[in-house]
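The values are calculated or read from the model by the stated rules, or taken from the named source; none is laboratory data. Please read these numbers as outputs of a predicted model, since none were measured by experiment. Ideal geometry is used to build each Cβ from the backbone, glycine not excepted, and the neighbour counts take in all protein chains shown. The protein model used for the area step is the full one, side chains on, heavy atoms only, and it has no ligands, DNA or RNA in it. Shrake-Rupley method; radii C 1.70, N 1.55, O 1.52, S 1.80 Å.
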Amino acid sequence: MVSKFLIGAVIYFATSAQAAGPIGGITGLNPKIDTSIVSIPAPPSDWKKYPYYPVQSKIEFPKDEGRHKWNSALEWWYVVMHVTGETTGNEYSVLVTHFSNGYRFFDVTNITNKTHVSGTTKGKWNAHEGFLDVTQITPYGADTMRTKRDEKGQLIPFEYEMHTHHSEMELRAEVKALKAPFMVGGDGLVQIGTSGWSWYYSQTRMEARGVLTYKGITESISGIAWMDHQWGPFLISPVQLGGVFESYEWFCLQLDNNTELMTSNIYDRSNRLPQTSAYGGVGIVNPDGSVDGIVKRTYIHKRYWQDPVEKIYMSMGWQLIVPEWQMDLTITPKFEDQIVRFPFKGSFWEGAASVTGTLRGVAVSGKAFGELMHHFQLPKIAVGALNKTYSADELIALKWNIKNPDDGNPLHYRLDLIGNGTVTKLVDRLRIPEWKFRMRDLLPADLAQGEFMVKISAFSEDKVITSSRDSDFFVIK
């Protein structure tokens, strides 16, 4: 099971800060790893102490919460919060991410008022190696993200504090883990398609409290948070360079019944979604802290959306089905425009969503946050050749293909016959790229002669992504 690995790779490519190291560049690690999760029992009740050594993993705490100087690519610390303002009652989502190349993301979405501010900047960066203590000086102030200390100066296990600045926003917050860290993939070492591999752990349910300033309003906030830490030699980017990079869609789900899920779809360079552990899956943290994972899943894209600024298309409504877990979840964005702006048309979606459905046959609901760096393209239709002439009784076999197919956008087709001043619908919502017809079955004899062509339209389920192509003209005698 593989998950979120975008943001650092986006910045990595866009800035050419450093060269990615070879896969398997760390002595003693085999890059051809099995990242499937098997059922793992709950961690011991005394997990919240340092040092902590998760079962079946080489990750150590607090050591691996800090910087890894040997890392040949990028490293980042990612926190997302779902919080409520105690004065206004506004619902917010907040994202803060620090990267080892000096970039920092700070996004705040006022879900109640449907406003969103993306605060990407860069500054002088430093981090401790033995525990989490990141500092970053940006044009807006001195940012920090670090493990809290007690009155004696000792680290408080799995409790953190952060201070983040931007032009319209400021955040002071504390987050406290309520469950043991989740080792993604079972042991925290995940294969990422053919793009590399990564160490990766998540803290899937955290208590969040603090003070947020947003658009002139300062108020106390409280809610829940999710925290990721990831590092390793891999490279994935949303910047579109003719299939150079793999891409993905990722979600973290926090259900009201104290269950968390992480799910991802990784697209290969041909926009296919292989059902293997290196190309995504679903991981689950149960209420008692035990974990499980599965690769086989059905992921239906219900809706799509075009960013009005950069005109890129992204999915914007999802259904996740895992029959083995009696799971059928619908993930719905709070609203569409929750974009992180980035150069080279590399902007991507970081947004809050809601979850409803069933898990193990029981109705559930909750909060979600998505990271979408897969851009969908307009279908490029190539139409097969037709004869120059046909009789009205002759069977016409029309075939076409899509030169840029995308498993995340299963297409429908509509065919319209055009000629003699008429437009006749042949078929709508066809799912296969071929159709056969006779003119005598479509038009009266006096209209079934002359020059015609067929307009082929290809479109997504909701018709947001659509394109068309005309066949060659043919004559009916």
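For segment 314-330, a tally of residues being open to solvent by 30 Å² or more (accessible area, probe 1.4 Å) and either of a type outside the set (S, T, N, Q) or in contact with an Asp or Glu (Cβ under 6 Å, 6 or more places away or on another chain) (or both) returns 4. Within the option set R205, R209, R172, being in contact with a Phe, Trp or Tyr (Cβ under 9 Å, 6 or more places away or on another chain), assigned to a strand (DSSP E or B) and open to solvent by 10 Å² or more (accessible area, probe 1.4 Å) holds for one residue only, R205.
Just one of the listed residues (L155, L132) is of a type in the set (A, V, I, L, M) and in contact with a helix residue (DSSP H, G or I) (Cβ under 7 Å, 6 or more places away or on another chain), namely L132.
Check segment 240-249 and report whether any residue there is assigned to a strand (DSSP E or B), farther than 18 Å from S277 by Cβ and touching a residue at least 12 places away in the same chain (Cβ under 8 Å). No: zero hits. Any idea which of D143, D187 is part of a strand (DSSP E or B) and not aromatic (F, W, Y)? Criteria check complete, one pass: D143. Please verify whether G119 is surrounded by fewer than 18 Cβ atoms within 10 Å (Cβ to Cβ) and in contact (Cβ under 8 Å) with a residue 40 or more places away in the chain, treating the condition exactly as stated. Here the answer is no, as G119 does not meet what is asked. Summed over segment 271-309, residues that are charged (D, E, K, R) and open to solvent by 40 Å² or more (accessible area, probe 1.4 Å) total 5. Does R104 meet the test of being at negative phi and assigned to a loop (DSSP other than H, G, I, E, B)? So R104 does not fit the description; no. If you go through segment 64-115 and keep only what is open to solvent by less than 10 Å² (accessible area, probe 1.4 Å) and more than 26 Å from P181 (Cα to Cα), you end up with G85, T109, N110.
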